[in-house]
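To start, the structure under review is shown below, and the notes come after it.
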Amino acid sequence: MALYILRRIALSIPALLGLILLTFVLSRVVPGDPAATLAGDSATPAQIAQIRAQYGLDRPILEQAVIHVRQVLSGDLGNSIFSGRPVAEEIWQRLPATLELTFVALFLATLLGIGLGLVAALDHNGPLDHLVRLVSVGGLAIASFWLAIMLQLQFSMEWNLLPLRGRLDVALGQVPRLTGFMLVDTLAIGRFDLFLDALRHLALPAFTLALPGLATIARFTRSGVLEVLQKDYVLYARAAGYGRFRLAAIYVLRNAVTVTVTQVGLLFGALVSGAVAVEAVFDWPGLGTYAVQAILSADYKALLAVTLVIGVVYAVVNVAVDVAQAIIDPRVADQ
Amino acid sequence: MDAALVIEDLAVQLRGRGEVADILDGITLTVPRGSVTGVVGESGCGKSTLLRAILGILPGRATTPRGRILFEGRDILPARAAKPHGRIGFVPQDPYLSLNPVFRAGDQILEIMRRHAPGTRAEHRAKLVELFRAVQLPDPEAALRKYPHQFSGGQRQRLLIAAALCCDPALIVADEPTTALDVTTQREVLGLLRELVRARGLSMLFVTHDFGVLASLCDEVSVLYAGRVAESGPTRAVLDTPTHPYTRMLLACHPDRAVELLGIPGAVPPATAQPAGCRFHPRCPVAQPDCRQDVPPLLPWSGGRAVACPHAARMEAHALA
Ligand SMILES: Nc1ncnc2c1ncn2[C@@H]1O[C@H](COP(=O)(O)OP(=O)(O)O)[C@@H](O)[C@H]1O
Ligand code: SF4
Ligand SMILES: [Mg+2]
């Protein structure tokens, strides 16, 4: 297993290098002369030439690429054209907010999706099955931003149950940044009330973000369970007198979710891109809002850096998914 | 007679899309204690369905309009009857498909013991290692920790035989336990079963597709055709002097010992369209007019046999080419 994990990590290195190079290529094909952009509108040709030399833009393109890779690997993503501050720093500030949102959404989608899929399969063609199917068709059809606004109208404006926007009610107190994850930091300082408040803030955006994934996972789990129920080993286990609960919830589900888990990996990409819209509606201080800002101000440095970071996170999640799959199905690591 | 299992007039139907399929019709057979009873018949004749009825795992669409399955003094056929888990060991047909690939094989057997055998987990493990040794699995201790895909087909069937024995059952039922294996492995597994039967005095109902296996393992045999018993009795008597036209034709044309009618027109009728009367009549060389209407009863015959054909004597005169 350890060997499998190492191999899996090694395999993702070329993909990450490719991603870094891709961001380099993208930064060179943006319209206009980067040096001119950096120098500003009123720069003289001499100033532009100086900046070109300063940033190494006058060197051979391959050398520039190598320098770029080296810089990225050392954590230098350049400075924001908009704010002038290091992009890496700005992203570092905002990344935890997005990660917290997407992880909670992923958790919700996985847990509820698997639960609903199992319930639907065990009640094949029954009322619960139809209900779950309805939910999953709906979950895929509804646009996130529309759902987000509807939820805000109902839960925040109409019923006043959940907060409208943000990560925390500032009136309640300050949370020092330890990990940047509200749920972790509030607990770390022993403020359970703030933890609950952070949860309440997470509820609507996380649910909005989770719904399409939840629908996908429910569908895959349902068909997976139905397929596994037909297997000889299930018949055998019934003949041998396994308990009904154990058979359904453990024996069958573990087989069925091997397919679902692959979906979770793919889903994460969709979650991160979905986060852009959801963060915008809920005023969530994460990478999504940062990316929107970068687009609006044509800050290509920031945009490329966001792309890169999301790519890295995506790669990490997919390694984790593969490892999870190897744990669930021992045949995977032995192949 | 002291019987481990008695099946009386068992009928199983499958319902679906307005059709009713008579899968089994009037099966009567006995497994005497301490002996092996074989069930043979062409594929599709209902052998697996018979075992599923005994094990209480008939498909949801199945109904059992008639019959009783008597085991340890009670009828275990009704859906609400408590199933004899642990008391009947099951050796399934396909060792590749019958173990869940994502759980350790040992844990899957220990789960059966946890539910149906007395004792602690440690005792169960010790007993399972003993059983692994008895079924000649290499390295029994290590086998506990392995996943199914880490065993060969023959080893998996040994695991499943150990699983069938794990709760000290009063009866073993086996569904063609060697058909999924290669010839050499088949021989080894059969040898093992024979040895276990002798050493432990097992009572067993053994479904097979192979006359050679039948002759080497079974004391008694029931020959099935299209969901009914055609002929039953001591194996030697049935194999040496087959009496029912179907049995005679089967034994006359078995090049590779497989139970199959070759070169005879017709096939086993589909379960949804069984002919009236004797189900064999469309293929029977000595069929009489009454065979189209009357279901032939299973009648006592010489040598402790029973034969479901009133015209069996005519077969003597008929030349089988
Ligand atoms: N789950 C099922 N659904 C529909 N038909 C079935 C099912 N199981 C068995 N049958 C039918 O019942 C008959 C007997 O099948 P089976 O008991 O498997 O025979 P055998 O084991 O002798 O090959 C066949 O005609 C088969 O098509
Ligand atoms: S003679 Fe009649 S009863 Fe006997 S097997 Fe042939 S068809 Fe059936
Ligand atoms: Mg069968």
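The values are calculated or read from the model by the stated rules, or taken from the named source; none is laboratory data. Since this is a predicted model, take the numbers as computed values, not measurements. Positions of Cβ are generated from backbone atoms using ideal geometry, with glycine treated the same way; all protein chains shown enter the neighbour counts. Heads up: the accessible areas ignore ligands, DNA and RNA and are worked out on the full protein's heavy atoms, side chains in. Shrake-Rupley method; radii C 1.70, N 1.55, O 1.52, S 1.80 Å.
A compact table of results
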quantity	calculated
B:ILE172 vs. criteria within 13 Å of another protein chain (Cβ to nearest Cβ), touching a Ser or Thr at 6+ places or on another chain (Cβ under 8 Å) and away from ligand 3 (no atom under 16 Å from the Cβ)	yes
Any helices (runs of 4 or more DSSP H) falling wholly within the stretch B:91-144 and containing at least 1 residues that are closer than 19 Å to A:ARG246 by Cβ and of a type in the set (A, V, I, L, M, F, W, C)	B:105-116, B:121-134
Positions within the stretch A:252-271 being of a type outside the set (S, T, N, Q) and open to solvent by less than 10 Å² (accessible area, probe 1.4 Å), in sequence order	A:VAL252, A:ALA256, A:GLY265, A:PHE268, A:LEU271
A:ARG52 part of a helix (DSSP H, G or I), open to solvent by 80 Å² or more (accessible area, probe 1.4 Å) and not assigned by TED's automatic domain parsing to the domain that holds A:PRO330	no
Cβ pairs under 7 Å, 6+ apart, first in the stretch A:276-303 and on the phi > 0 side of the Ramachandran plot, second not in a helix (DSSP H, G or I)	A:ASP283/A:ARG165; A:ASP283/A:GLY166
Residue tally, condition within 7 Å of another protein chain (Cβ to nearest Cβ), in contact (Cβ under 8 Å) with a residue 12 or more places away in the chain and surrounded by fewer than 19 Cβ atoms within 10 Å (Cβ to Cβ), over the stretch B:87-108	1
All helices (runs of 4 or more DSSP H) inside the stretch A:221-335 with 2 or more residues being more than 30 Å from A:GLY166 (Cβ to Cβ) and within 13 Å of another protein chain (Cβ to nearest Cβ)	A:232-240, A:253-282, A:300-328, A:330-333
Only listed residue being open to solvent by 70 Å² or more (accessible area, probe 1.4 Å), closer than 30 Å to A:PRO330 by Cα and among the basic types (Lys, Arg), chosen from A:ARG7, A:ARG28, A:ARG85, A:ARG70	A:ARG7
Filter pass, B:LEU224 being open to solvent by less than 50 Å² (accessible area, probe 1.4 Å) and within 16 Å of ligand 2 (Cβ to nearest atom)	yes
Some residue of the stretch A:95-113 being of a type in the set (Val, Ile, Thr) and over 30 Å from A:MET182 (Cβ atoms)	no
Count of the stretch B:300-309 residues which are farther than 13 Å from B:TYR246 by Cα and within 13 Å of ligand 2 (Cβ to nearest atom)	1
Number of positions in the stretch A:285-335 that are under 30 Å from B:PHE103 (Cβ atoms) and open to solvent by 30 Å² or more (accessible area, probe 1.4 Å)	12
Hey, A:LEU57 at pLDDT 75 or above, surrounded by 15 or more Cβ atoms within 10 Å (Cβ to Cβ) and either out of contact with any helix residue (DSSP H, G or I) (no Cβ under 7 Å at 6 or more places or on another chain) or not β-branched (Val, Ile, Thr) (or both) or not	yes
In the stretch B:18-70, the residues that are within 11 Å of ligand 1 (Cβ to nearest atom) and either part of a helix (DSSP H, G or I) or basic (Lys, Arg) (or both)	B:LYS47, B:SER48, B:THR49, B:LEU50, B:LEU51, B:ARG52, B:ALA53, B:ARG61
